[in-house]
Amino acid sequence: MMSDRTILYTTAFIRALGVGMVAVLLAVYLAQLDFAPDAVGYVIAAGLTGNALALLVVTVWSDRFGRKRMLLQLTLLWATGAAVSALATSASVLAPAAFLGMLNGMGRDRGAALALEQAILPARTSDAHRTRAFAWYNAVQDVGHALGALLAGVPVVLERTRGLSPMSAHRLSLWGYVGLAALTAALYVQLSPACEIGARRAPLTAPTRRVLAKISALFALDSLGGGFLTTALLSYFFFERFGASEIVIAALFFGARLANALSHFGAAVLARKIGLVNTMVFTHIPSSLLLVTVAFTPSFPVAAALFLLREGLVEMDVPTRQSYIMAMVRPEERTVASGVTNLVRMGAWAIGPLFAGILMRRSSLMMPLVIGAAMKITYDVLLYTAFRKRRPPEETAGMSDHADRRA
């Protein structure tokens, strides 16, 4: 029988596989339906808004309702929304379907199920191994994102080998997305009662409230910038700016997700040497600067190379950030902490695509990349200023041991 941690790693992989595929396919699918850039932004924003609402429900009710039951309900909504999306042809139907199914155009899984899994995972490991556990968790996600991005080329293969129309090929891929939801539900059924450990509602302590309020405000800024940089919008940028085909874009994001996956292990190693906060900031700023260069690059090969370099750095703050948040709160506060911080991020992500789509249509395709990068750099500077002196238990223990040895 699979352990809870193995189940969580597997479900994270499968969900990421679907997210990676849909994020690349979605913008092209909507373009084939003759949606204008602002309408593309509306549909992506609707899916992210659905994710945000689900996160709110998870934060408030999951520990009372049961984590396992909540995960199964989320998977049912995923399957239903994806099925309707596979049949819809208008924005008036696609937007509500994206909302219901929490359709994620970010290209990275940051939804309600992830927040619950993050709350469960620390109880299945120790403080010393917590960051490594999150590194593995995020690595399998990014491998899933990579393979999912590669699967986004399947519609073209179906068109060429089976003679399907572009629309039929894309819809068949969306039905595959429904099948992934069913497989995920089958795995969640096997979770043990241990996944409910720490799932009791207790008032947040004053220090936790202060930490969550400060860090959530910073995450809102970071995620608002990220909303300008969803995978769907970046795919649209490469598609419209350079005329890159779906297969080329799929291969590009496959490489990007592999770079993300490898970077997580580098983040775990680097965090042991320089600390979680330093790792988050000192890798994130260069990634944003690289993104600005992508915006102004005149040729696709150079833009693709710079983008891959950026992807090798941009995700190093993810396992370190998750580990840091879980370390700074009590076990019984982890669901709320995970839910609140992810909710803030998802809410800000939902706003970003609306403005990004408008900017792409009325200003230029590169403007969202520049604005998003500027927001992220501002976030990094503020995060370092606010939290550089607040260390997790494993770092303070290391400092104490070092002091004892010197004495």
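Each reported figure results from applying straightforward, stated rules to the coordinates on display, with no laboratory input. Because the structure is predicted, anything quoted here is derived from the model rather than measured. So basically every Cβ, Gly included, is an ideal-geometry build from the backbone, and we count neighbours across all protein chains shown.
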Q. Of ALA271, THR396, LEU289, which is farthest on the positive side of the dipole of the chain, counting Cα position, with +1 on Lys and Arg Cβ, -1 on Asp and Glu Cβ, and the Cα centre as origin?
A. THR396
**Q.** Between region 341-398 and region 154-171, the Cα center-to-center distance that results, in Å
**A.** 37 Å
Q. Where in region 120-155 does the label zone of LEU172 land, with the point 7 angstrom along Cα→C-beta and an amide N cut-off under 18 Å?
A. 150-155
Q: Would you mind classifying region 145-242 by shape? Square roots of the alpha carbon gyration tensor eigenvalues, ordered a ≥ b ≥ c; an a/c under 1.5 is rounded, otherwise it is prolate if a/b is larger than b/c and oblate if not.
A: oblate
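Over region 94-201, what portion of Cα pair distances is larger than 22 Å, expressed as a whole percent?
Here the long-distance tail beyond 22 Å is 48 percent of all Cα pairs in region 94-201.
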Q) When N is the residue count of region 180-288, what does its C-alpha Rg come to as a fraction of 2.2 N^0.38 Å? A) 1.49
**Q.** Distance (nanometres) between label positions extended 7 Å along Cα→Cβ at VAL269 and ARG390
**A.** 3.0 nm
Q | Proximal lysine pairs, the chain, alpha carbons under 29 Å, eight or more residues apart or interchain | A | 6
Q.
Quick check: pseudo-label points 7 Å beyond the Cα along Cα→Cβ at ASN278 and ALA374, how many nm apart are they?
A. 3.1 nm
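Helix-only estimate, please: 222 nm mean residue ellipticity of the chain, summing -39500 (n - 2.57) across DSSP H runs of length 4 or more and dividing by its residues, to the nearest 500.
Rounded to the nearest 500, the figure is -27500 deg cm²/dmol.
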Q: Rank-order 211-219, 78-86 by packing density, defined as the average count of other C-beta atoms within 10 Å over each peptide's residues, highest first.
A: 78-86, 211-219
Q | Pairwise FRET efficiency - LEU76 versus GLN32, Cβ, R0 = 45 Å, nearest 0.05 | A | 0.95
Q.
Given region 297-407, report the % of alpha carbon pairs whose separation exceeds 19 Å.
A. 65 percent
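At 4 °C and 1.567 mPa s, grab the translational diffusion coefficient of the chain from Stokes-Einstein with a Kirkwood Rh over Cα pairs, rounded to a whole number in µm² per second.
Once the numbers are plugged in, D ends up at 61 µm²/s.
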Q. Which of rounded, prolate, oblate describes region 13-136, given a ≥ b ≥ c as roots of the alpha-carbon gyration tensor eigenvalues and a/c under 1.5 marking rounded, otherwise prolate only if a/b is larger than b/c?
A. prolate
Q. Using 19 Å as the cut-off for backbone N distance, which residues of region 81-97 belong to the label zone defined by a point 7 Å from the Cα of VAL57 along Cα→Cβ?
A. 81-85, 94-97
Q) What FRET efficiency do you get for SER245 and THR293 if R0 is 22 Å and r is their Cβ-Cβ distance, rounded to the nearest 0.05? A) 0.40
